[in-house]
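Here it is, the structure, as structure tokens.
The values are calculated or read from the model by the stated rules, or taken from the named source; none is laboratory data. Here the structure is a predicted model, which is why all the values come from computation and not from measurement. No Cβ is skipped: glycine too gets one built from the backbone with ideal geometry, and neighbour counts run over all protein chains shown. In case anyone asks, the SASA skips ligands and DNA or RNA and just uses the protein heavy atoms, side chains included. Shrake-Rupley method; radii C 1.70, N 1.55, O 1.52, S 1.80 Å.
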Amino acid sequence: MGYNLQVNIDKSSGFCFGVVYAIEMAEDILDNKGYLYCLGDIVHNDEEVERLTNRGLKIIDHEVLKNLRDEKVLIRAHGEAPSTYQLALENNLTLIDASCPVVLKLQNRIKNSHDDDEQVLIFGKHGHAEVIGLQGQTDGKAIVFQDLAELDNVELPAKFTLYSQTTKSTDKFYHIKDELLSRGYEVKANDTICRQVSNRYEELEEFVRHYDKIVFVSGKKSSNGKVLYDVCKKHNDNSYFISNVEELDQAWFAENDKVGICGATSTPMWLMEKVKAALEKY
């Protein structure tokens with residue numbers, strides 16, 4: 001006796017355009033050349049990284065980059081700090097730059113603020129690839145914080161400029177801005193959150209309400225995945241986070257359940273299809 005689950009994939013889930021662009025660029029070169037170096041995980045999804053590594057993508061870190069000469073290296077959607085471009089010139093590396101345009105625009109704005117001698121604050125995740133690239137625009141002088149408590153022991157100037165990593169929650173950003181204003185600081189706030197990401201929140205809220213159970217598929221490293229999963233959980237308590245099909249648990253489901261599948265901006269559609277196929281076998 002099967003569970004007879006009715007399973008649907010959220011139409012607006014899956015790769016954002018920045019990731020699509022980076023992966024298409026990588027695949028083109030892999031088709032022609034058979035291999036390509038990529039600085040850092042091309043996307044925060046182990047399954048997709050594995051698919052591309054099998055096609056010849058070689059993931060390297062900055063240490064390996066220092067010793068690489070005369071090669072092509074892909075810059076992923078998250079972007080890079082100026083020091084990476086400098087190193088590429090010195091090592092005669094051809095950079096295939098797939099930095100997301102939203103990130104590039106933000107890098108540029110942060111650089112301009114820094115050049116104008118403004119103290120820059122960045123609401124973002126410590127050590128995240130995008131944030132490292134952003135901080136690099138300020139010679140490392142920007143103050144990065146994940147939550148307000150981190151600023152309690154920091155000597156802040158009376159006025160400063162506030163930016164956000166592109167995949168942060170809009171609500172949180174505005175909450176932080178208001179809180180800093182109420183503490184008497186003069187804050188020039190720039191909402192630089194990607195609309196393709198923030199629109200997902202509303203679409204997701206709407207989507208998850210229609211199902212008995214929600215399976216959210218995302219890599220553990222995805223910042224955006226954590227934020228979007230929280231949205232699912234908030235509006236549908238029966239939401240489960242998995243990174244691959246093996247993590248599915250039949251005990252989560254009941255007969256005739258309506259199940260919705262959704263994912264992060266770094267979750268490939270083929271992986272969600274695979275989850276759907278597995279659920280339909282129950």
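May I ask for log10 I(q)/I(0) of segment 1-134 at q = 0.15, 0.16, 0.21, 0.22 Å⁻¹, from a Debye sum over the Cα atoms as equal point scatterers with solvent left out?
So the normalised log intensities work out to -0.79, -0.87, -1.31, -1.39.
Right, something else. Work out the length of the dipole vector of the chain about its Cα centre, built from +1 on the beta-carbon of each Lys and Arg and -1 on the beta-carbon of each Asp and Glu, and round it to the nearest 20 debye.
So the magnitude is around 220 debye.
Percent of Cα-Cα pairs more than 37 Å apart in the chain, please.
Tail of the P(r) past 37 Å holds 21 percent of the pairs.
Quickly work out the MET269-to-ARG51 label distance, labels modelled 7 Å from Cα along the C-beta direction, and quote it in nm with one decimal.
Placing both labels 7 Å beyond Cα along the Cβ direction yields 1.0 nm.
Right, something else. Mind pulling the per residue volume of the convex hull built on the Cα atoms of segment 182-231? Å³ is fine.
That works out to 131 Å³ per residue.
Label THR94 and ASN153 with points 7 Å out from Cα along Cα→Cβ: what is the distance between them in nm?
4.9
Taking amide H positions as placed in the peptide plane 1.01 Å from N, state which residues far from ASP257 in sequence (5 or more) or on other chains have amide H under 5 Å from it.
Here the answer is GLN6, since their amide H atoms fall under 5 Å of that of ASP257.
Taking springs between alpha-carbon atoms closer than 10 angstrom, which of ALA158, ALA129, ALA77 fluctuates most in the Gaussian network model of the chain?
So, out of ALA158, ALA129, ALA77, the one fluctuating most is ALA158.
Within 10 Å, at most 11 other Cβ atoms, and a DSSP state outside H, G, I, E, B define an exposed site. Report the longest part of the chain free of exposed GluC sites (Glu not before Pro).
1-154
Send over the semi-axes of segment 142-215's equivalent ellipsoid, whole angstrom and largest first, taken as the square roots of 5 times the C-alpha gyration tensor eigenvalues.
Ellipsoid half-lengths, sorted descending, are 31, 13, 11 Å.
Please give the solvent-accessible surface of ASP115 in Å², to the nearest 10, using a probe radius of 1.4 Å with every protein chain present.
Taking all protein chains as shown, ASP115 has close to 80 Å².
In square angstrom, what is the accessible area per residue of segment 1-130 with a 1.4 angstrom probe?
Ligands and nucleic acids excluded, the figure is 48 Å² per residue.
Let me ask you something else. What helices does the chain hold that run 15 Å or longer along their axis, going by alpha-carbon atoms, with a Kyte-Doolittle average of -1.0 or more, using DSSP H for the helix calls?
17-33, 101-115, 170-182, 223-235, 269-280
Could you calculate the contour length gain from LYS220 to PHE145, that is, 0.36 nm times the residue separation minus the distance between their Cα atoms, to one decimal place in nm?
Answer, rounded to one decimal: 24.9 nm.
Still on this model: Tell me, what % of the accessible area of segment 9-143 is carbon and sulfur with a 1.4 angstrom probe?
C and S atoms contribute 48 percent here.
Measure of size requested: the Rg and Dmax of segment 108-155, with Cα atoms as the atom set and Å as the unit; please supply both.
Rg, Dmax (Cα atoms, Å): 10.6, 29.
Which trypsin sites (Lys or Arg not before Pro) in segment 1-65 pass both tests, a DSSP loop state and at most 11 other beta-carbon atoms within 10 Å?
Taking segment 1-65 and a limit of 11 other Cβ atoms within 10 Å, the loop trypsin sites (Lys or Arg not before Pro) found are LYS11.
Something else now. Under a no-solvent Debye model with one identical scatterer per Cα of segment 162-273, what's log10 I(q)/I(0) at q = 0.10, 0.18, 0.19, 0.21 Å⁻¹?
One equal scatterer on each Cα of segment 162-273 leads to -0.36, -0.89, -0.96, -1.10.
Please compute the length gained on full extension between ASP28 and GLU186, using 0.36 nm multiplied by the number of residues separating them and subtracting their Cα-Cα distance.
Result: 52.1 nm gained on full extension.
Rounded to whole Hz and in sequence order, give me ³J(HN,Hα) for segment 118-124 from the Karplus expression 6.51 cos²θ - 1.76 cosθ + 1.60, θ = phi - 60°, writing x for Gly and Pro.
8, 6, 9, 10, 10, 7, x
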